[in-house]
1. Working only within the stretch 13-23, note down all residues that are within 20 Å of residue 143 (Cβ to Cβ) and either in contact with a strand residue (DSSP E or B) (Cβ under 7 Å, 6 or more places away or on another chain) or in a helix (DSSP H, G or I) (or both).
2. Can you say whether residue 9 is outside any helix (DSSP H, G or I), at positive phi and either modelled with pLDDT under 85 or touching a helix residue (DSSP H, G or I) at 6+ places or on another chain (Cβ under 7 Å) (or both), as far as the supplied structure shows?
3. Hand me the list of helices (runs of 4 or more DSSP H) wholly inside the stretch 62-176 holding 3 or more residues that are loosely packed, with under 12 Cβ neighbours inside 10 Å and either at pLDDT below 70 or not assigned by TED's automatic domain parsing to the domain that holds residue 6 (or both).
4. Is at least one residue of the stretch 37-59 in a helix (DSSP H, G or I) and within 30 Å of residue 4 (Cα to Cα)?
């Protein structure tokens, strides 16, 4: 089974479970998280060092560096002792979480369950799997808008055709640049192929 990656829009094969990103994008996203974590830690480290270095003798600066690093390590371990914020059960499924549709009244509870069942089995979910719809939940504000902006930037970047946009020459420029052709150049390529076919038939 294959699907289109939510991030790079390339087709990839789903082997074990339904996922939103292809393996390459999952690795790249993990690297981005790691990079952001290191940047935040280094920023905190510099703030702490700036507060204490001018208050201790120069010969103790190396010890101050060690203590700051130890403090940051302990702070992170301390955070882990608290229960992490976990998604509510069923949050990333078409059925949604149980919270918010419970009721003490049996008749209302039956109606809510019926509506939930109808919504979860609606054909819309065939084209919009939950792992895509709820991807980035609590991470990126207005994630659909973010993806739309990303897609617009990709389209804007596809300018290898230049002044030959909508021509077969423009399509070939896309090919040489190793990028996906824009819609206008794809149509020009199709028209060119039809024209060549008709010429070969009429000879």
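The values are calculated or read from the model by the stated rules, or taken from the named source; none is laboratory data. Fair warning: this is a prediction, and the values are worked out from it, not measured in the lab. So basically every Cβ, Gly included, is an ideal-geometry build from the backbone, and we count neighbours across all protein chains shown.
1. Restricting attention to the stretch 13-23, the residues satisfying the condition of being within 20 Å of residue 143 (Cβ to Cβ) are 18-22.
Within the stretch 13-23, 22 is the sole residue that qualifies.
2. On the way: outside any helix (DSSP H, G or I): yes; at positive phi: yes; either modelled with pLDDT under 85 or touching a helix residue (DSSP H, G or I) at 6+ places or on another chain (Cβ under 7 Å) (or both): yes.
Spelling it out, residue 9 is indeed outside any helix (DSSP H, G or I), at positive phi and either modelled with pLDDT under 85 or touching a helix residue (DSSP H, G or I) at 6+ places or on another chain (Cβ under 7 Å) (or both).
3. Values: elements: 106-120, 124-127, 130-133, 143-157.
Hits in the stretch 62-176: 106-120, 124-127, 143-157.
4. Taking the stretch 37-59 and keeping what is in a helix (DSSP H, G or I), we get 37-55, 58-59.
In the following step, the residues that additionally are within 30 Å of residue 4 (Cα to Cα) were identified as 37.
For the stretch 37-59, residues in a helix (DSSP H, G or I) and within 30 Å of residue 4 (Cα to Cα): present.
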